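Participant: First the structure, then my questions, so here it is.
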Amino acid sequence: MTELRRLRLSRGWDPVQLIGHMKILAAGDGVTLPKVYLLARLVFLWENHRAPMPTYYVGLLDRVYGGQLTTLPTLAPVRRNLAELGRGAVAA
């Protein structure tokens, strides 16, 4: 099980509940996220390591999960971006 999925399930959230938390934080940033059905597909792809995660979503999910995000379903540039967000180095 991937870390993203484990973190979501440990909170007892289904993907739509996760997306609700994402939308609340994004609105606070002044960012409008895509529609729920599009985000649900992205969450599935990210949780199953089938698509890289854009930098904004890395920081957003890290905030949703209270700073517990330590590995990502992405390539090295995004790991570097997470480090730039103040999380330090991320193990491969």
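Every read-out reported here was derived from the displayed coordinates using simple, explicitly stated rules and does not represent laboratory data. Just so you know, these numbers come straight off a predicted model, no measurement behind them. Here Cβ is always computed from backbone atoms with ideal geometry, including for glycine, and neighbour counts include all displayed protein chains.
Participant: By the scheme Lys and Arg +1, Asp and Glu -1, what is the net charge of all other residues having a beta-carbon under 15 Å from that of residue 29?
Facilitator: Working: positive: 23, 63; negative: 62.
Here the count lands on +1.
Participant: Each label point is 7 Å from the Cα along the Cα-to-Cβ direction; what then is the distance between the points at residue 71 and residue 2, in nm?
Facilitator: With each label placed 7 Å out from Cα toward Cβ, I get 1.2 nm.
Participant: A follow-up question, please. Give me the distance in nm between label points sitting 7 Å out from Cα along the Cα-to-Cβ direction at residue 16 and residue 41, one decimal.
Facilitator: Label at residue 16, label at residue 41, 1.8 nm between them.
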